[in-house]
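Below is one structure, written out as structure tokens, with a few remarks after it.
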Amino acid sequence: MPFSMHTHTCGELRRGDIGTEVTLTGWVWRRRDHGSLIFVDLRDRAGFTQLQFDPDVCEEEAFRAAETMRTEWPILVRGVVCPRPDDQINESMVTGEIEVHVKSMEILNTSKTPAFQIEDHVEVSEDIRLRYRYLDIRRPKMMDNLKLRSDFTFALRQALHDRLFMEVETPALFKSTPEGARDFIVPSRLQPGRFYALPQSPQLLKQLLMVGGVERYYQVAKCFRDEDLRADRQPEFTQVDVEMSFVDQDDVMGALEDVLHEALGKMGVDMPTPLRRMQYWDAMDTYGSDKPDTRYGMELHDVTSIFSKSQFKLFAGAAADPNMYIKAINAKGAGTWARSKIDKLGDVAKTFGAKGLAYVAFREDGSVTSPIVKFFSDEEMEGLRAEMGVEPGDLVLFAVESRLKCDEILGGMRSHMADVLDVKREGHDFLWVVNFPLLHWDEETQRYEAEHQPFTLPTETDPKKIMEHPLEVGSYTYDFVMDGFEAGGGGMRIHNAEMQMAILKMLGFSEESAKEQFGFVMEALEFGAPPMGGFALGLDRVCMLLAGADSIREVMAFPKTTSGSDLMSDAPSVVSPAQLKEVALSTLQ
């Protein structure tokens with residue numbers, strides 16, 4: 001290998017290399033001293049090779065060093081590739097048919113005893129792994145994850161470049177334009193009392209690039225959001241950002257399918273094209289999620305009409321109210337659970353916004369267990385069995401709420417029950433969810449908020465009609481869903497200044513505050529802005545799914561904890577009074 005101390009990696013030597021003189025570098029992984037012979041498994045980023053130290057073959061100094069060296073010492077060895085004896089072939093290693101008989105060795109450094117063994121299957125807390133992340137990265141699985149991320153990013157770049165997309169870098173220091181999450185703000189030393197913000201996305205800048213005539217843009221962009229964290233979120237994350245002009249929605253989605261099909265194909269994943277398109281409300285009403293995992297059933301059913309004359313007051317009241325729904329899912333197999341275990345599902349449902357959880361358990365012996373079944377007529381039970389496809393051992397769970405709340409409650413329960421019942425989800429699942437509502441009403445803030453973002457093009461072209469029926473208006477939006485996760489999202493953009501101002505006013509901005517925050521964008525829209533649309537792919541999340549990991553931290557080199565801390569460097573940290581004084585700031589004591 002050129003430009004390296006070694007001639008080969010520890011993962012590439014095979015039987016065909018027998019007789020070749022090689023130089024290898026890496027870390028001592030395992031060492032076995034048999035007295036007259038010493039065997040060492042040498043590890044580098046590419047794999048493992050067994051070394052044999054024989055005093056009749058190697059230099060005396062090398063053999064003595066082999067007697068004293070320990071795990072994780074970096075070494076350089078020179079030797080000859082030889083076949084392993086037939087009874088010592090290790091079929092679990094790709095290099096298991098050969099070993100290198102060492103002639104000479106250099107110890108490049110020593111190592112303290114690591115905080116944990118550098119192996120994939122060693123139980124160690126995540127905090128310890130993050131505290132010593134540089135050691136954790138040496139583990140084969142972590143190294144494989146980082147390589148997967150590198151390869152996939154390169155495949156995306158190549159596919160976009162080949163389709164005439166131009167990579168353009170946008171600033172990391174920009175104007176604070178909150179898009180639903182808190183900004184990370186950066187004080188200016190040269191302009192005391194004024195602040196930059198780290199971008200939540202390059203959204204506004206890429207729209208300006210379209211006004212500027214770039215036409216096809218992409219960027220592997222670092223983004224920052226000061227929000228509460230989960231397993232698949234970080235305060236800083238990476239998205240592959242794309243924008244196109246002089247296009248309609250089908251043009252953008254078609255281009256993205258083409259790019260994703262090629263890039264995923266290079267990772268050994270066949271994404272069928274054209275992708276399925278599922279309307280937003282179809283996704284919500286069928287799966288209870290705008291990012292549905294369709295690899296398993298347990299679909300939502302509207303059973304309101306079955307209970308239109310019910311003796312159960314809750315159901316009867318909902319059936320009589322045009323704004324209320326009775327919906328249900330069938331968790332097959334959970335009907336065998338003990339009643340105490342089923343009752344605990346009510347607490348789970350409350351985490352998804354339910355006030356409680358009604359159920360009917362159909363036991364394997366043909367009996368039925370439920371606190372509410374005594375109110376059901378034979379006709380209602382027959383209708384329920386037919387609608388839900390009930391079999392012995394099934395558990396039917398109900399939600400009684402408005403349409404969206406019913407969907408969200410049962411969507412959460414659907415996912416929970418699939419996990420606890422260990423429902424198989426094989427392969428990858430890809431689809432588009434399209435035509436999201438333009439706006440939703442936020443009870444906490446008591447105002448309309450954008451379902452995607454404030455720059456999304458409505459399906460209604462008349463601002464007055466949007467103001468009259470804001471919750472009925474759709475949008476030109478499309479989310480890329482992979483394995484039940486929102487892996488990316490995008491939409492067509494407003495390219496008319498009058499429409500943009502109308503939408504901002506709907507979101508609670510005054511004309512003055514809209515111009516103060518977004519005036520530079522609306523001014524640009526007055527200079528012949530073309531039709532435009534774009535997309536952002538969550539690189540961390542897609543790599544997590546490709547790697548079969550449970551958290552995006554597993555595919556990031558140096559992630560933060562769920563509290564936003566870097567355990568390795570102890571960030572965020574206190575800065576000196578002198579540093580604060582330079583930017584005209586002080587901290588509360």
Legend entry - Of all residues in the range 269-324 being assigned to a loop (DSSP other than H, G, I, E, B), acidic (D, E) and closer than 26 Å to K374 by Cα, the one that is farthest from the chain's Cα centre (by Cα): D321
Legend entry - Every residue from the range 503-551 that is among the hydrophobic types (A, V, I, L, M, F, W, C), without any contact (Cβ under 8 Å) to a residue 60 or more places away in the chain and touching a helix residue (DSSP H, G or I) at 6+ places or on another chain (Cβ under 6 Å): L504, A514, M522
Legend entry - Long-range neighbours under 7 Å by Cβ, at least six apart or interchain, first residue over 16 Å from H161 (Cβ atoms) within the range 214-225, second assigned to a strand (DSSP E or B) and among the aromatic types (F, W, Y): C223/F237; F224/F184
Legend entry - I326 being touching a Cys at 6+ places or on another chain (Cβ under 9 Å), closer than 22 Å to M298 by Cα, in the same structural domain as S415 (by TED's automatic domain parsing) and touching a residue at least 12 places away in the same chain (Cβ under 8 Å): yes
Inset, instruction - Report the residue count in the range 150-180 for those that are loosely packed, with under 14 Cβ neighbours inside 10 Å, touching a strand residue (DSSP E or B) at 6+ places or on another chain (Cβ under 9 Å) and of a type outside the set (D, E, K, R). - result: 7
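Mind listing just one residue for me: the one in the range 2-17 that is among the polar types (S, T, N, Q) and modelled with pLDDT of 95 or more and, of those, farthest from the chain's Cα centre (by Cα)? Outline the logic, then answer.
Within the range 2-17, the subset among the polar types (S, T, N, Q) is 4, 7, 9.
Those left that are additionally modelled with pLDDT of 95 or more: 7, 9.
Values: T7: 38, T9: 32 Å.
Out of the qualifying residues, it is T7.
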Legend entry - the range 34-60 - residue that is surrounded by fewer than 19 Cβ atoms within 10 Å (Cβ to Cβ) and touching a helix residue (DSSP H, G or I) at 6+ places or on another chain (Cβ under 7 Å) and, of those, nearest to L135 (Cα to Cα): R45
Legend entry - Hits in the range 83-99 (condition: buried (at least 16 other Cβ atoms within 10 Å of the Cβ) and either of a type in the set (G, A, S) or more than 43 Å from the chain's Cα centre (by Cα) (or both)): R84, G96
Inset, instruction - Within the range 187-196, track down each residue that is over 14 Å from K581 (Cα atoms) and either acidic (D, E) or in contact with a Phe, Trp or Tyr (Cβ under 8 Å, 6 or more places away or on another chain) (or both). - result: Y196
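The values are calculated or read from the model by the stated rules, or taken from the named source; none is laboratory data. Here the structure is a predicted model, which is why all the values come from computation and not from measurement. Here the Cβ is made from the backbone with ideal geometry for all residues, glycine too, and neighbour counts use every protein chain on show.
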